[in-house]
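Visitor: Dropping a structure here in structure tokens format, bear with me for questions.
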Amino acid sequence: MNTSAVRCAGRDDRWDNICVFPLLETFVAVYETGQFSIAADELRVSQSTVSARIAQLEQRLGTPLFERHARADVTATRAGETLYRSAVKLLAQWRQTQEDVNRARQAHDPFLLMMSNTAAVALLPRILEGLQAQGALEHVDLRVMTANSDEIVEAVELHRAQMGIVEKPVSAEGVVRAALCDDRLVLAGEHAHDPENPATVWLLREHGSGVRYYTDLFFSQRSIQPAHRVEIAGNASICACLAAGIGTSLVSQGVVPAGVPTADLGMDFSRRFSSVTPRSGLTGMQRGICRQITSLFAARLHPGS
């Protein structure tokens, strides 16, 4: 570290703490080499600069630090011995501080984005494309996890995640909710057009998921009490069953496998994906990423829905 690059601003005492490091570095070099000329070579400065710095340091401390001898050799005075022990520690602390600051400056903020299963399939490609285009991925360590909506809200409220995207109405004191875009649910599968059929095998998402919330709403509206139900944690497995001609389920229109029959459920089942973020505790960079993600969907809401 060449602290000689640090500039001093005259004799103003306010600059003492800044100017002292090149002076101490020069002092240590002279102490350890025993000659001003050798110290100048090591520091890559002129010998006159070394002499001036030692003179300035002696003036500030009010005492000689070296005894000059023949053949340009110097030895430390008692005051110089004392200063050397402290100077070595101070310079080591200063170098470590600079390294710590540089690491902090270069470090990326962590950012955990938690998404519901459907949201991950429908929205994640658009989010990653948008963040990459804006250069945002260079500033955060982004991780993406899928979970059901209730788990996401809890993680955000407890500051375990920086942002969540959910697919059902949520209300929690510690989070801020913002609408992102609309998503239409449909009934898909072998009995999509005959949901009251008692032979229907219902493929249900787990409790706490957004789709399960709307599935229970559908059952309530139609007074359906399923005789055959299979609970499956994850859209991918449900869609695989539907593609194989097995079962009936409420799913997002955008993830229905090709060729699977569907039935429209009306506007009651046109929902909105929403973001949830903590009310406090985000860094400036993390909050900026949240705003960037939200802005990617700002114009994708149906008026009046």
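Visitor: Placing one identical point scatterer on every Cα of segment 197-250 and ignoring solvent, what is log10 I(q)/I(0) from the Debye formula at q = 0.14, 0.30, 0.31 Å⁻¹?
Guide: Debye output, listed in q order: -0.33, -1.31, -1.34.
Visitor: Quickly work out the A244-to-I38 label distance, labels modelled 7 Å from Cα along the C-beta direction, and quote it in nm with one decimal.
Guide: Simple spin-label model gives 8.1 nm for this pair.
Visitor: Hey, another quick one. Return one whole number: the accessible area per residue of the chain in Å², for a 1.4 Å probe.
Guide: With all protein chains present, the chain gives 53 Å² per residue.
Visitor: Here is a further query. Taking R0 as 51 Å, what's the FRET efficiency between A178 and L90 from their Cβ-Cβ distance, rounded to 0.05?
Guide: Efficiency, from the Cβ-Cβ distance: 0.55.
Visitor: So for the pair M285, R160, with labels modelled 7 Å out along Cα→Cβ, what separation do we get in nm?
Guide: Those two pseudo-labels are separated by 2.4 nm.
Visitor: Turning to a different aspect of this structure: Skipping prolines and chain starts, which residues have an amide H placed within reach, meaning under 5 Å, of the one on V251, given they are 5 or more residues away or on another chain?
Guide: V186, A188
Visitor: So, one more: Taking the Cα atoms only, what angle lies between the long axis of helix 210-222 and the longest principal axis of the chain, rounded to 10 degrees?
Guide: Tilt relative to the chain: about 20 degrees.
Visitor: Explain nothing, just the number: dipole magnitude of the chain about its Cα centre with +1 on each Lys and Arg Cβ and -1 on each Asp and Glu Cβ, in debye rounded to the nearest 20.
Guide: Dipole magnitude for the chain comes out near 780 debye.
Visitor: Rounded to the nearest 5, what % of the DSSP beta bridges within the chain are antiparallel ones?
Guide: 60
Visitor: Same structure, new question: Dipole of segment 174-289 (Lys/Arg Cβ +1, Asp/Glu Cβ -1, origin at the Cα centre): which of V251, T283, I232 lies farthest to the positive side?
Guide: T283
Visitor: Next question, about the same structure. With just the Cα atoms of the chain, tell me how far they stretch along each of the three principal axes, in Å, largest first.
Guide: 109, 36, 31
Visitor: If r is the Cβ-Cβ distance from A258 to S220 and R0 is 35 Å, what FRET efficiency results, to the nearest 0.05?
Guide: Efficiency at R0 = 35 Å is approximately 0.70.
Visitor: Please list, ordered by chain and number, the residues whose modelled amide H lies under 5 Å from the amide H of D109; skip anything fewer than 5 residues away on the same chain.
Guide: Amide H neighbours of D109: D141.
Visitor: Would you compute, for the Cα atoms of segment 209-305, the largest minus smallest coordinate along each principal axis and list the three values in descending order, in whole Å?
Guide: Computed over segment 209-305, the largest-to-smallest principal extents equal 51, 30, 25 Å.
Visitor: Show that you can apply the helix-only estimate: for the chain, add -39,500 (n - 2.57) for every DSSP H stretch of four or more residues, divide by all residues, and state [θ] at 222 nm to the nearest 500.
Guide: -14000 deg cm²/dmol
Visitor: First obtain the Kirkwood hydrodynamic radius of segment 133-265 from its Cα pairs, then insert it into the Stokes-Einstein equation at 10 °C and 1.306 mPa s, and state the resulting D in µm² per second as a whole number.
Guide: The calculation lands on 97 µm²/s.
Visitor: Report C181's accessible area, 1.4 Å probe, all protein chains in place, as a number in Å² to the nearest 10.
Guide: 10
The values are calculated or read from the model by the stated rules, or taken from the named source; none is laboratory data. The shown structure was predicted, so the numbers you read here are calculated from the model rather than taken from an experiment. Don't worry about glycine lacking a Cβ; one is built from the backbone with ideal geometry, like all the others, and counts go over all protein chains shown. For the accessible areas, the whole protein counts, side chains as well, though only heavy atoms, and no ligand, DNA or RNA atoms are used. Shrake-Rupley method; radii C 1.70, N 1.55, O 1.52, S 1.80 Å.
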